[in-house]
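What follows is a set of notes on a single structure, which appears directly below.
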Amino acid sequence: MCVSVIIYSLYKNAKTELDKSFSIQLRSSASTILQKTDIDPITLPLPKSGEFFRIVYDNKIRKTKLFDNLPKDISDKNKWRRIAVKKYPENGGIISVEYALSAEQYHAGIQKLRTLLYIYLPIAFLVAFLGGYLLSGFFLRPLRRIVSNANK
């Protein structure tokens, strides 16, 4: 029971840290895209491999989509994580970037962590316990003989 509580605690802490790391990566990448975007003159960054984002300029009269390569299934939270960031240029309006990263590797990493902690760690604990028990019996055999002879 105690081992189960420890494993659950380890899993929750590791998952929280992975979530934070993924969110920081998402925000950092979106902010980089936003920094490289300008309206006067229009300057847009090109997407790297695996980068998906939409850039929209809103001057309060109309919204103009400057770039969009977001996948069609972007609303699927199991496949994608996304974030929106904005900046307010000096010439007015709002530049917004919606940035998305594939969450498939993230979910695969979480699944590996879960497997490691919930299957392999208890098995390793049992093997270590049984091995220790058997080895202690082996190493204590001479002492048991001495005690047995002394009792006789």
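Values in this text are rule-based calculations from the coordinates and carry no lab data. The structure displayed is predicted, hence computed values, not measured ones.
Things worth noting here:
- Between the range 127-152 and the range 78-117, the alpha-carbon centres lie 58 Å apart.
- Percentage of interatomic Cα-Cα distances in the range 1-99 larger than 18 Å: 56 percent
- Over all pairs of different C-alpha atoms in the range 59-150, the reciprocal of the mean inverse distance, the Kirkwood hydrodynamic radius, equals 19.5 Å.
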